[in-house]
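What follows is one structure encoded as C-alpha cells, with my remarks underneath.
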Amino acid sequence: MDTAIQKTGTASVIPPPGEALTLIGTSHGDPGGFDSLYARLREIKPDAVLLEVSWFSIFFRKTAGALLKKIFRHNIRSLGIAMTPELHTVESFFDVPFEYRAVKQYCREDGLPYHLVDLPFISFLRLLKSHRLVYRKNLLLLSQFTANRALQEKSLAQRLFSEQDNVTVDIILSRISRDRLGVKRERALAAQVLRYRKRYIGRSIAYIGGWEHLLEDPKQRTLFSMLPLRKQRTLAFVSTPEKK
C-alpha cells in the first residue's frame with residue numbers, strides 16, 4: 001500500500017476519467033490545509049465534489065464564529081499571552097473550514113458542482129459548547145500546551161495509512177465503535193456518497209473529509225469501509241505518494 005493512497009485497482013493518485021471515487025483525507029487543524037487540498041483537487045480533477053461539511057457549520061462560522069473569534073483575540077491580548085500552535089488551532093476553529101474554501105474555489109474556476117453532505121444536527125451538537133474555548137481560564141490552560149498538535153496529527157495519519165502502526169489503528173477504530181452517534185453519522189455519510197454516485201454516473205467524484213473516516217476497517221465502522229464501490233483514498237497533506 002502507498003503511504004499517501006490506498007487504491008482499488010488504479011495505478012496512480014489520478015483516477016481514470018469518468019468513473020472513480022477518490023476520498024481525500026484532511027487534517028482539520030492543518031494551517032497549510034487550503035493550499036494542499038486545492039493542489040490535490042487540481043491534480044485529481046474530479047467532475048464533482050462531496051464535502052464533509054454541513055450548511056449549519058458554515059452558517060455558524062460566518063455568524064457566531066466570527067463573534068467568538070473577536071472575543072478570542074480580545075482575551076488573548078488582555079491576558080498578554082503569546083500565540084502558540086495550540087492557540088492558532090483554536091483560532092482557526094472559528095473560521096470557515098479551509099476544506100470549504102478550497103472546494104468552492106476549485107469548483108467555481110471550472111464550473112463544477114459541489115455538495116455539502118454532513119448532517120446539520122451533528123454540527124449543531126459539536127458546536128454547541130464551542131464558546132467555552134474563548135473563556136479566559138481555558139485560554140490560559142491551552143497556552144501551556146507547546147506541542148504542535150496539527151503536525152502530530154498529520155504525522156500519525158501518514159504512519160497509519162502506511163500500515164506501520166496497526167495497534168493505534170485498532171485503538172482508533174475501537175473508539176469509533178463506542179461513539180454510537182459517530183457510527184450513525186458514518187452510515188449517513190455513506191448513504192450520501194452512494195446517492196451522489198448514482199446521480200453522477202460516468203463522472204469522477206472526490207469526497208473531502210477528515211482522515212479518520214478513511215481508515216480501512218474489516219468491521220465496516222468507517223465511511224471508507226462502508227462503501228461497496230470502486231474507490232481510492234489519499235491524504236491531502238502528503239504531496240507525493242511514496243512507495244513502500
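Only the coordinates and a few stated rules stand behind these numbers; no lab work does. Only a predicted model underlies this, so the values are computations on that prediction, with no experimental measurement involved. Virtual Cβ from ideal backbone geometry, glycine too; neighbours counted across all protein chains shown.
Summary table below
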{"quantity": "Mean residue ellipticity (222 nm) of the chain, computed from DSSP H runs ≥ 4 via -39,500 (n - 2.57), nearest 500", "calculated": "-14500 deg cm²/dmol"}
{"quantity": "Estimated Rh, the chain: Kirkwood, alpha-carbon pairs, angstrom", "calculated": "18.8 Å"}
{"quantity": "Mean Cβ count within 10 Å, highest first, over the residues of peptides 191-197, 232-238", "calculated": "232-238, 191-197"}
{"quantity": "Selection from Tyr100, Met83, Trp55, by position along the positive dipole direction of the range 5-235 (Cβ)", "calculated": "Trp55"}
{"quantity": "Listed residue pairs exceeding 21 Å between alpha carbons, taken from Lys62/Lys129; Lys45/Lys231; Lys70/Lys104; Lys198/Lys231; Lys62/Lys104", "calculated": "Lys70/Lys104"}
{"quantity": "Selected from Asp95, Asp110, Asp118 as most flexible by GNM, with the chain as the system and alpha-carbon contacts under 10 Å", "calculated": "Asp110"}
{"quantity": "Ascending count of other beta-carbon atoms within 10 Å, so fewest first, for Met83, Met226", "calculated": "Met83, Met226"}
{"quantity": "The range 140-244 - percent relative contact order, Cα under 8 Å, separation 6 or more", "calculated": "24 percent"}
{"quantity": "Simple Cβ-charge dipole of the range 5-235, Lys/Arg +1 and Asp/Glu -1, about Cα centre, in debye nearest 20", "calculated": "800 debye"}
{"quantity": "For Phe34, Phe98, order by how many other beta-carbon atoms lie within 10 Å, fewest first", "calculated": "Phe34, Phe98"}
{"quantity": "Degrees separating the helix 180-199 axis from the principal Cα axis of the chain, which is the longest one", "calculated": "50 degrees"}
{"quantity": "Residue among Arg40, Arg108, Arg203 with the largest mean-square fluctuation in a Gaussian network model of the chain, springs linking Cα atoms under 10 Å", "calculated": "Arg108"}
{"quantity": "Relative contact order of the chain, defined on C-alpha pairs under 8 angstrom at six or more residues apart (%)", "calculated": "46 percent"}
{"quantity": "Theoretical gain in end-to-end length, Asp170 to Arg230 [0.36 nm per residue, Cα-Cα removed]", "calculated": "19.2 nm"}
